[in-house]
1. Taking all protein chains in place and a 1.4 Å probe, what share, in percent, of the accessible surface of the chain do carbon and sulfur account for?
2. Amide H to amide H, which residues 5 or more places from A85 or on other chains are under 5 Å from it, using H placed in the peptide plane?
3. By the gyration tensor of its Cα atoms, with a ≥ b ≥ c the square roots of the eigenvalues, what is the shape of segment 1-156: rounded for a/c under 1.5, prolate for a/b over b/c, or oblate?
4. Using only the C-alpha atoms of the chain, find the volume of their convex hull and express it per residue in Å³.
5. At 0.36 nm per residue, minus the direct Cα-Cα distance, what do E27 and A85 gain on full extension? Give it in nm, one decimal, please.
6. Can you list residues whose amide H is under 5 Å from G166's amide H, if they're 5+ apart or on another chain and H is modeled 1.01 Å from N?
7. Applying a 10 Å radius around every beta-carbon, put 310-317, 221-228, 187-194, 127-134 in order of their mean neighbour count, most first.
8. Per residue, how much accessible area does the chain show when a 1.4 Å probe rolls over the protein heavy atoms, in square angstrom?
Amino acid sequence: MLNVKRVVLRSRPGKNGHPVPENFRVEEIRKSPELKEGQVLVRTLYLSVDPYMRCRMNDDTGADYLLPWRLDECVDGGGVGIVEASKNQALSVGTIVTSFNWHWQTYDVMDGSLLQKVDPEMVDGHLSYALGAVGMPGLTAFLGVREKGHVTAGAHQTMVISGAAGACGSVAGQIARLDGCERVVGICGSDQKCQTLVTELGFTAGINYRNGDISSALREQCPRGIDIYFDNVGGPISDAVISQMNPGGHVILCGQISQYNKDVPYPPPLSEDTQEALLRNNITRERFIVLNYMEKFEEGLMQLSHWVKMGQIKVLETVVNGIENMGEAFCSMMTGGNVGKQVVKISD
Ligand SMILES: NC(=O)C1=CN([C@@H]2O[C@H](COP(=O)(O)OP(=O)(O)OC[C@H]3O[C@@H](n4cnc5c(N)ncnc54)[C@H](OP(=O)(O)O)[C@@H]3O)[C@@H](O)[C@H]2O)C=CC1
Ligand SMILES: CCCCCC(=O)/C=C/[C@@H]1[C@@H](C/C=C\CCCC(=O)O)[C@@H](O)C[C@H]1O
């Protein structure tokens, strides 16, 4: 028998509540490592904490593709691990694998057909990148910009990105620059993050939304108006951005994290003024869900991998150690404690 540590959902924060680490509980169980045909024993290396998980903490997630986590059951999300024993012909011992539905536990017996292989070369030897820049958040940035952004090199466009110092935002801004936007302006929650955007990631400017008036900072940093808005946060920040958008502009509706602790549907309703601004200026605002573009994942991952290996995309990560800290890491990410992708390292 194996000693396994796992994280279960102890309580729900309530639809209008802020999540706290105490909503989770770590427990130890004994698990048989015995495998049926097709199964593998995996040891968890890294686990991901992501904003959509806040919706899975509610008994009704508000999104048809997200199932609620069940009380007192092991929670799941993105994970990367190594095969330690195998009864699956396609997955030999030592293979690195990933899944969107990885249990938050140190070891697991999994059906091999539900796992995707990770080529360590693709992630430049950094296996955690498979949960970030060369994984779902990187694809979200890449496909969001390419499918909904209408970037045209040489057209002197300005793109604004909210949640700019996070997993999706930090990559989206770098792709906007690579694809030819003239100005790339990031909005995030600290001066330190703003500085990182400019000095490390090549953004034109950073705006700290916690410090001063966003509207006047946007007017200063976007003197020719805003053509494209990669929206990760929603709420008043997005109202301020959209009010300065040029006619014919495009909002990439990626996420609305500022509204996830509220009992509102996804996407949350817009203010009348913002709705009116979109209509008046013929601005598109199409919902973007990365899972709707699975046929483009392979090509997208190849492109992201190439950019990362060439140093054209710089990867930022915040790594916390230990399965005991999953709840802390999740709550920290939800309140801006991360720079780049927040992951938790479970084992070496
Ligand atoms: N459409 C899709 O398919 C996908 C959408 N998403 C969405 O993209 C967004 C970013 O996700 P991800 O990159 O993983 O997460 P991040 O790495 O960006 O982490 C979340 C960040 O959100 C910021 N934040 C938290 N609360 C607020 C608030 N009230 N107002 C403004 N900013 C806030 C914090 O940064 P700060 O310090 O700047 O406040 C925090 O670091 C989320 O909305 C998520 O739901 C993610 C993946 C796929
Ligand atoms: C309801 C708010 C979500 C806002 C957008 C967002 O963050 C979307 C994220 C998804 C996320 C979904 C993950 C797994 C789906 C399976 C989970 C389950 O219920 O079993 C991501 O991995 C892809 C994004 O589109």
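1. Working: 7440 of 15440 Å².
The computed percentage sits at 48.
2. L41
3. Values: a/c = 2.36, a/b = 1.17, b/c = 2.02.
Oblate is the answer for segment 1-156, as a/c is 1.5 or above yet b/c matches or exceeds a/b.
4. Numbers: hull volume 44.7 nm³, N = 348.
For the chain, the hull spanned by Cα atoms encloses 128 Å³ per residue.
5. Working: separation 58, 0.36 × 58 = 20.88 nm, distance 2.36 nm.
Answer, rounded to one decimal: 18.5 nm.
6. G340
7. Values: 310-317: 17.0, 221-228: 18.6, 187-194: 20.4, 127-134: 27.0.
Packing proxy ranking, top to bottom: 127-134, 187-194, 221-228, 310-317.
8. Values: 15440 Å² over 348 residues.
Roughly 44 Å² per residue, with all protein chains present.
The values are calculated or read from the model by the stated rules, or taken from the named source; none is laboratory data. In this text the structure is predicted, and so the values were computed from the model without any measurement. Don't worry about glycine lacking a Cβ; one is built from the backbone with ideal geometry, like all the others, and counts go over all protein chains shown. Remember, those area values only see protein heavy atoms, side chains included, never the ligands or the DNA or RNA. Shrake-Rupley method; radii C 1.70, N 1.55, O 1.52, S 1.80 Å.
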